[in-house]
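Data block below; observations after.
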Amino acid sequence: MQRLREILDPFLLLLIGTVALASLLPARGSAAAVAGAAADAGIVLLFFLHGAKLSRDAIWNGARAWKLHLATLGTTFAVFPLIGLATGQATAIPPSMRAGLLFLTLLPSTVQSSIAFTAIARGNVAAAVVSASFSNLLGIVLTPALVALTMEKSGTGNLISLSSIEDILLQLLLPFIVGHLSRPWIGGFISRHRAMMGRVDRGSILLVVYAAFSAAVVEGLWQKVSRGELLLLAAICIAMLAAVLLFTHLLGRLLGLSREDAIVLQFCGSKKSLATGVPIAGVLFPASAVGPILLPLMLFHQIQLMACAVLARRYGAAADARAHLAAAT
């Protein structure tokens, strides 16, 4: 039971509860307008805090250990999208959910879980911090650009509204830059209140999810998606994660990375960020399309946590056993 609680992400339970609430009590009419405005404000706040939390050193040091960071970024923004384009050909999945699969593969890596699993696996934690942070920083620009380049060509349809570029500038980049420039004055406060900032982050994401799924439910989401399609979607997510984990493992060997750096490549390269993906989807896509697009990301989020938790413990146990053996001899 204790191990089950460690693997299951409490935040995912909140997400499931939010989706259930939106399914039973979706925001309609004026309530939908209020929910949408609150979600937009949450996105601005979320990226302001992302900018304020990212240190200048993390940005400048991103160019060091170039082999590791290029391999991680290449996996995140090149290999993963190619897999997304391939899986997007699964015609058994509705077009909106195929768009969600592709969108999932275009996102940057996670930060917190990548670092946590690297630490558990006895990997290079400092490199994981830089690699994951650099991935998120580039993702603010690269993810919308990749969405624009791939969505229409993949056959999933052009779901991006014409005002998306302006929204990206006003809701993502501008708050991020202002937050980062404000770091000298508010960085200390944020560091001292990390727990509170984490709750603000999660609350902002839940607002966006509620607004998105409310709009999708009003448009008949659950009448359009069957249980079989959801199971197929979960199977595709598992296959995608397995393929990337194997690829990063082999790539680490091919590049001759140390064990510690190879662990960073595997965990940072195989993750996709829910915290970044939810607000970006809220900005890029029409409200009624966001719910179906987020379904693959929510499934993949929990699958990656469960799989990487098991993998990290195995790596960590093997490293501890080698350390004990070396100490004994």
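The sum of -39500 (n - 2.57) across all DSSP H runs of n ≥ 4, divided by the residue count of the chain, sets its helix-only mean residue ellipticity at 222 nm to -25500 deg cm²/dmol. Does the stretch 10-316 come out rounded, prolate or oblate by the C-alpha gyration tensor, with a ≥ b ≥ c the root eigenvalues, rounded set by a/c under 1.5 and, if not, prolate when a/b is larger than b/c and oblate if not? Here the stretch 10-316 falls in the oblate category. Using only side-chain charges placed at the Cβ, +1 for Lys and Arg and -1 for Asp and Glu, the dipole size of the chain relative to its Cα centre rounds to 780 debye. Other residues lying with their Cβ under 13 Å from the Cβ of PHE176 contribute a combined charge of +2, Lys and Arg counting +1, Asp and Glu -1. Applying 0.36 nm per residue to the separation of ALA318 and LEU14 and subtracting their alpha-carbon distance, the gain on full extension is 106.1 nm.
Karplus-derived 3J(HN,Hα) values for the stretch 206-215, using 6.51 cos²θ - 1.76 cosθ + 1.60 with θ = phi - 60°, are 4, 4, 5, 5, 4, 4, 5, 6, 4, 4 Hz; glycine and proline are entered as x. Potential lengthening of the chain between SER23 and ARG183 amounts to 53.7 nm, from the contour at 0.36 nm per residue minus the alpha-carbon distance.
Placing a label point 7 Å from the Cα of ALA327 along the Cα-to-Cβ direction, the residues of the stretch 114-139 with a backbone N closer than 18 Å are 120-123. Arranged from fewest to most other beta-carbon atoms within 10 Å of their beta carbon, LEU254, LEU173, LEU142 become LEU254, LEU173, LEU142.
Based on other C-beta atoms within 10 Å, arrange HIS193, HIS249 from fewest to most. Could you put the intermediate results ahead of the total?
Values: HIS193 12, HIS249 17.
In order of increasing Cβ crowding within 10 Å: HIS193, HIS249.
Quick one: SER23, SER30, fewest Cβ neighbours within 10 Å first, how do they rank? Provide the component values of the computation, followed by the final result.
Values: SER23 15, SER30 8.
Ordered by Cβ neighbours within 10 Å, fewest first: SER30, SER23.
Working note: Karplus 6.51/-1.76/1.60 with θ = phi - 60° gives the stretch 255-264 the couplings 7, x, 5, 5, 4, 5, 6, 5, 5, 4 Hz, where Gly and Pro are set to x. Note on THR91 and GLU229: the model spin-label points, each 7 Å out from Cα along the C-beta direction, lie 1.6 nm apart.
Find how much the distance from LYS67 to LEU173 grows on full extension, using 0.36 nm per residue of separation minus their present alpha carbon separation; answer in nm with one decimal. Could you put the intermediate results ahead of the total?
Details: separation 106, 0.36 × 106 = 38.16 nm, distance 2.74 nm.
Difference between extended and current length: 35.4 nm.
Extending 7 Å from the Cα toward the beta-carbon at both ALA126 and ALA78 defines two label points whose distance is 2.7 nm.
Order of 106-117, 177-188, 255-266 by packing, highest average Cβ count within 10 Å first?
Working: 106-117: 24.6, 177-188: 14.4, 255-266: 21.4.
Answer by packing, highest mean first, reads 106-117, 255-266, 177-188.
Read-outs throughout are calculated quantities, based only on the coordinates presented, and are distinct from any laboratory measurement. Only a predicted model underlies this, so the values are computations on that prediction, with no experimental measurement involved. With ideal geometry, Cβ positions are generated from the backbone for all residues, glycine too; neighbour counts draw on all protein chains shown.
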